[in-house]
Amino acid sequence: MSKSTGSKKKNKTTKQTHNQTTVKGILEITRSGIGYVLIEDKSGDVLVRPGDFNTALNGDIVRVKIVKENLASKRKEGRIVEVVTRKQNEFIGHIQLSTNFAFFVPDTDKPMPDLFIPLDKLMGAKNKDKVVARLVEWGKDDKKPVGEVISVLKAEDENDAAMKEILAEAGFPLSFSDAVMEEALRLPDVISSAEIKKRKDCRDILTFTIDPADAKDFDDAISFRKLKNGNYEIGVHIADVSHYVEPDTALDEEAYKRSTSVYLPDRVNPMLPERISNELCSLRPNEDKCTFSAIFQLTPKGEIKQYWLGKTVIHSKFRFAYEDVQQIIDTKEGKCKDEILILNDIAQQIRKERFKKGAINFSSTEVRFTLDEKGKPIGITVKESKESHQLIEEFMLLANKTVAENVFKIEINNKPIPFPYRIHDQPDEKKLQPFIEYAKRYGHQFNTSTPEKISESFNQMLAAVHGKPEQHVLEQLGIRTMAKAAYATKDIGHYGLAFEHYCHFTSPIRRYPDVLVHRVLESVLAGKPIIDKKMDEKCKQTSERERAAMECERAGNKYKQVEFMKSYVGQDFEGIISGVAGFGFFVETVEHKCEGMVSIISLSDVDEFYLVEGDYSLAGKRSGRKFKMGDKVWIKVISANLDKRQLDYQWINKPITPSVPITQIIEKEVKKETPKKETVKKTTVKSKESVEKAEIKKTVVKKEEKVIAEEVKEQPKDVRTTKVKVVPKEKKVTKVKVNK
């Protein structure tokens, strides 16, 4: 009797799945080798043991068959039956060479099998050489995956290997396939007369580009001419990538897979081959180029009287760097000075009007590295947004907004057409409320009755704290209340920019969603809107790749900061507390903007500290000493670990200097001789897990801040200025219905 009861009880909690449900998700492999498939609908992770991976690797999108489920704990166990999408095909590692064969041993903390390398696929690699290898084949019945060496890394070039490893681990290919390169090479250099006849000819209008000094992919240009009625015609001309990259081609498939170019401190990993990005589509001076344009007629006060959208051909007369344009703005002298000064005046008026409507300007800085010939950082510059950047920014925002508004009006059978809108939800109330309580401590009140009132409160606070010590902390915490921007077919508006409708139209060389926007817009203008049933899936893919690219950029910057600070181990620097956790606090140096961690263990001689979450501080139990986010402190650089991309600092009880503006530009040259190192006892955090959690937490926070910053930056690639706007009151939009 008791045996029967026990059996029934067991069946209630543990179920051997007979249907063997199959679900899709992403495989994450732990350092111990156990895998978990993260299900898309967040119904619960599925544990997968190493013997059931079935050729799947970390990060792959897979289908997993659930074979066991505990109904009480909701724990599931399964085995992978299909690899849907391989995240990573290229890996960094070492060659183990034998007489008749070779193996590639990957350098990764996520367990994966070695690759078998045929001797004729070594590309000259020798035993123990560090190489980049590509996974070529791994059938279900194959015990070992087969690979090939695609490049041998020089032992002395650690920087090159580190940057490639960052890209490869994030799933970004390091090279283009032969098929992609062949397609790119077949594209014609000259625009045919027949193609020119299909387009509005703008070649006789003054047109120029404004980009970073080291840019090669010029995907936007501005045209300008004064009209007889006293207004100005200002054209925003964007490289017509969709003219060259057609659907269902190898080029298009590769661009979609990458979805974005990745900008690291010493290189660009492009979305498209250089044949397209730097040659055919780059709006270089003194060359005819195919473009997709938004041409506006504006009054001297920046009011839009009319606009036109369509395909054009342009001929850029000049190529300006931001620094060139800024000098013209400052001195009112230089090439095209009259046109640039008028453009800047109109851009500033548009900008001023945006702020009047509730825009919030969170100041943000970006570090740029001065590198030697081997890619080693010898200086760090902190940049700020200037009027030259804002000039481009405002016209790019205007074009993006106008395109989205036009497509939104189109319906087919009373349904909106699939379109990759750039959306940004309202602030998370759970994140906003603690921030409001914290801001009250500095005397700032927030009215949360409407989105407009929230933005008004933000504006009042930012005006009041400008130049004060608390400015940095309140800005950063304010940014963290914001949602993440993404691509989606459901248009909920863009809260951060205060636009009811918004998309990305202006950077198709480096962003795949812009290519999709161009294709849909072209079909709409032709009166034959395309219906892409996979647009939702494409929005998810491009959003995910964008986040991966931002993580790469952060990792690349962190690597360079750690590499730079290695020369300063043992030296003292003034810094600002940029984050607080139970295991310590993070400090960003004032001089170099290099962030490191002060472990709570290293503070044990001072006091026993505990975390005060609502106060964003660590407080001493006996002394009452506090380390609060935003506080200035002195630190000593204890260690700089390049493998972990981690800086360890030690707090020093030393008087701080008066505050300086955070926008100050600093240029620091490293002395040729390494500074004399002091003998310092190295301190560490409690555990590896603490360090990993700290890095994960900081990654998530920085990523959220950067997504918002990217929204207003648009074209400028060297300055990121964070802006937040509140959605205006709903406007009536006339829908255009198209019946099939």
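Quick note: the coordinates plus some simple rules give every number you see, no bench work behind them. Keep in mind the model is a prediction, meaning the values are calculated, not measured. All Cβ positions, even for glycine, are placed from backbone atoms using ideal geometry, and neighbour counts span all protein chains on display.
Rounded to the nearest 20 debye, the dipole magnitude of the chain is 2700 debye, with +1 charges on Lys and Arg beta carbons, -1 on Asp and Glu beta carbons, and the Cα centre as origin. With contributions of -39500 (n - 2.57) from each DSSP H run of at least four residues, the per-residue ellipticity at 222 nm computed over the chain stands at -9000 deg cm²/dmol.
My understanding is that a pair violates if its Cα-Cα distance is over 29 Å; which of Lys154/Lys560; Lys24/Lys644; Lys383/Lys490; Lys87/Lys140 do that in this structure?
Working: Lys154/Lys560 19 Å; Lys24/Lys644 32 Å; Lys383/Lys490 36 Å; Lys87/Lys140 18 Å.
From the list (Lys154/Lys560; Lys24/Lys644; Lys383/Lys490; Lys87/Lys140), the Cα-Cα distance tops 29 Å for Lys24/Lys644; Lys383/Lys490.
Quick note on the stretch 90-155: its Rg to Rh ratio, both from C-alpha atoms and Rh being the Kirkwood radius, is 0.94.
Using packing as a proxy for protection, rank 156-165, 538-547 so that the peptide with the highest average count of other Cβ atoms within 10 Å comes first. List each step's numbers first, then the result.
Details: 156-165: 18.1, 538-547: 19.6.
With the highest mean Cβ count within 10 Å placed first, the list reads 538-547, 156-165.
Residue exposure proxy: Val598, Val606, ordered by other Cβ atoms within 10 angstrom of their Cβ from fewest to most, comes out as Val606, Val598.
Residues with beta-carbon under 9 Å from that of Ser175, excluding Ser175: net charge, scoring Lys, Arg +1 and Asp, Glu -1? Don't skip to the answer; put the middle values down first.
Details: positive: Arg134; negative: Glu90.
Counting the neighbours of Ser175, the net charge comes to 0.
Computed over all pairs of different Cα atoms, the Kirkwood value for the hydrodynamic radius of the stretch 358-490 is 18.3 Å. For the stretch 79-224, the residue among Thr207, Asn100, Leu153 whose Cα projects farthest onto the positive side of the dipole built from Cβ charges is Asn100. Phi angles across the stretch 41-49 convert, under the Karplus curve 6.51 cos²θ - 1.76 cosθ + 1.60 with θ = phi - 60°, into 3J(HN,Hα) values of 7, 6, 7, x, 6, 10, 6, 10, 7 Hz, Gly and Pro given as x. Along the stretch 492-506 the Karplus relation, 6.51 cos²θ - 1.76 cosθ + 1.60 evaluated at θ = phi - 60°, assigns HN-Hα couplings of 9, x, 10, 4, x, 9, 6, 9, 5, 9, 8, 8, 10, 10, 9 Hz to successive residues, with x for each Gly and Pro.
By count of other Cβ within 10 Å, fewest leading, how are Tyr256, Tyr610, Tyr649 ordered? Could you put the intermediate results ahead of the total?
On the way: Tyr256 18, Tyr610 12, Tyr649 29.
Listed from fewest to most nearby Cβ atoms, that is Tyr610, Tyr256, Tyr649.
The distance from the alpha carbon centre of the stretch 596-634 to that of the stretch 456-470 is 26 Å, rounded to a whole number. Phi angles of the stretch 282-296 translate, via the Karplus equation with coefficients 6.51, -1.76, 1.60 and θ = phi - 60°, into HN-Hα couplings of 5, 7, 6, x, 6, 9, 6, 9, 7, 9, 10, 10, 10, 10, 10 Hz per residue; Gly and Pro are given as x.
Percent of Cα pairs in the chain per distance bin of 20 Å, from zero to the largest separation: 15, 45, 34, 6, 0, 0.
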